[in-house]
Every structure is written in structure tokens, then in C-alpha cells.
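Taking it in order: structure first as C-alpha cells, then the write-up.
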Amino acid sequence: MRYHDITKDDMKNGDGLRVVLWLAGCDHQCPECQNPITWDPDGGLLFDDAAKGEVFEQLDKSYISGLTLSGGDPLFIGNRVDVRSLCREVKEKYPHKTIWLYTGYLYEEIKDDAVLNYVDVLVDGEYIKELRDEKLLWKGSGNQRVININKTKESGEIVLHCGDYADGKVFKGKSCETNS
């Protein structure tokens, strides 16, 4: 697995302050993607023990809410095994930290992938430039969903994470709507 950057104290890619791992490799190649440099699976740097140590050093901090995986696409076929392993290790070592994962795949396409056993929030769907809306929280276009994975698995229906923008309202501290 390869990566382009590790962002520390990030407030834009999930709830709270987060560490963000920007992975290399993406088959979606959405027009006007914010990170086209990350599409090449051979780009960036090897995610080695030193890089993992850098991520864990950030997760050790009590004020860091968790890990966000973005890119590229963490679920690019060449990343899946390593991403699953990293997520499992993070959940074992930091059970109270959340894992957010951004992917161009739809939940329905990946719902049986074992990585979702470790992911708390999934932001799914390709970026569509015609649906861009700067008022959206944690996503770039209106087709994308910010999905609470645990509640989705419990209910059997897609449950949006509180804070997702829907119908012109931001849900903060209120129950999320179901969107199947």
C-alpha cells in the first residue's frame, strides 16, 4: 500500500480532530477530483512501519478523535487487504477512536467487505462535479452519503451519520434520518 500524506489535527474529514491517511490508487478518476495526483497506485510513498508509527503517534493523543482514510480510494483493489489490516489494528489498539473511510464505491457494492467491521463512518459514492455543494459537511457532492455503519448494520437500512446535510438542514445533535 502506498500513501501521499498523513494530515495531523484535521478538522475537515470527519468529526473532531483527526489524523488522515491519504492513500494512493483510484479507479474512479472523477472529473474535477480534488486529489488527482493520488490516482496512480504507484505514486507517493510506501506505507511502511515508520508511516504506521506516525499514524499511531497521532492516535495516542487523547484529543485525536480517530483515523480517516481517504485518497485516492482506500478501497482501490490494491489497497483493500492492507487497509483492512490497518483498520483492524487501529480498532484493537484504540477501541474508542473512530475510523472514517472515504470511497467512490457505494455502500451497496461493498457492504459485505470485512473492512466495514472496523469502520464507524463511511462516506460513499463518486464525486460528481455537477452535484458539488460547498454547504455539504464531509463530502463534496450531493450524491455522496455519510453513513453510520454500526447503526446501518443494526437496522438493516442505511442510516446517515448525524451532521450530514439533507434537505437544506444540518442535523447536529439530533437523530439521523434513514435513507435507503
message: Of all residues being in a loop (DSSP other than H, G, I, E, B) and either of a type in the set (Ser, Thr, Tyr) or in contact with a Ser or Thr (Cβ under 6 Å, 6 or more places away or on another chain) (or both) in the range 118-136, which is surrounded by the most Cβ atoms within 10 Å (Cβ to Cβ)? Just the residue, please.
response: 120
Enumerated strands (runs of 3 or more DSSP E) restricted to the range 1-117, each holding at least 1 residues that are among the basic types (Lys, Arg) and surrounded by 13 or more Cβ atoms within 10 Å (Cβ to Cβ): 2-10, 17-23
Of all residues making up the range 1-26, the number that are touching a helix residue (DSSP H, G or I) at 6+ places or on another chain (Cβ under 7 Å) and under 17 Å from residue 62 (Cα atoms): 2
field: Search result, residues across the range 108-149 that are among the aromatic types (Phe, Trp, Tyr) and within 23 Å of residue 65 (Cα to Cα)
entry: 118, 138
query: Can you name the residue in the range 137-180 that is part of a loop (DSSP other than H, G, I, E, B), modelled with pLDDT under 90 and basic (Lys, Arg) and is also surrounded by the fewest Cβ atoms within 10 Å (Cβ to Cβ) among such residues?
result: 172
statement: With criteria (1) within 16 Å of the chain's Cα centre (by Cα); (2) in contact (Cβ under 8 Å) with a residue 12 or more places away in the chain, residue 11 comes up short on (2)
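Being closer than 23 Å to residue 38 by Cα, without any contact (Cβ under 8 Å) to a residue 12 or more places away in the chain and not polar (S, T, N, Q) narrows it down to one of 109, 92, so name that one.
109
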query: Does the range 36-44 contain at least one residue that is among the hydroxyl-bearing types (Ser, Thr, Tyr), at pLDDT below 95 and closer than 28 Å to residue 130 by Cβ?
result: yes
statement: Taking the range 94-116 and keeping only residues that are within 14 Å of the chain's Cα centre (by Cα) and over 12 Å from residue 145 (Cα atoms), one is left with 97, 98, 99, 100, 110, 115, 116
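The values are calculated or read from the model by the stated rules, or taken from the named source; none is laboratory data. All values derive from a computational prediction rather than experimental measurement. Backbone-built Cβ (ideal geometry, glycine too); neighbour counts: all protein chains shown.
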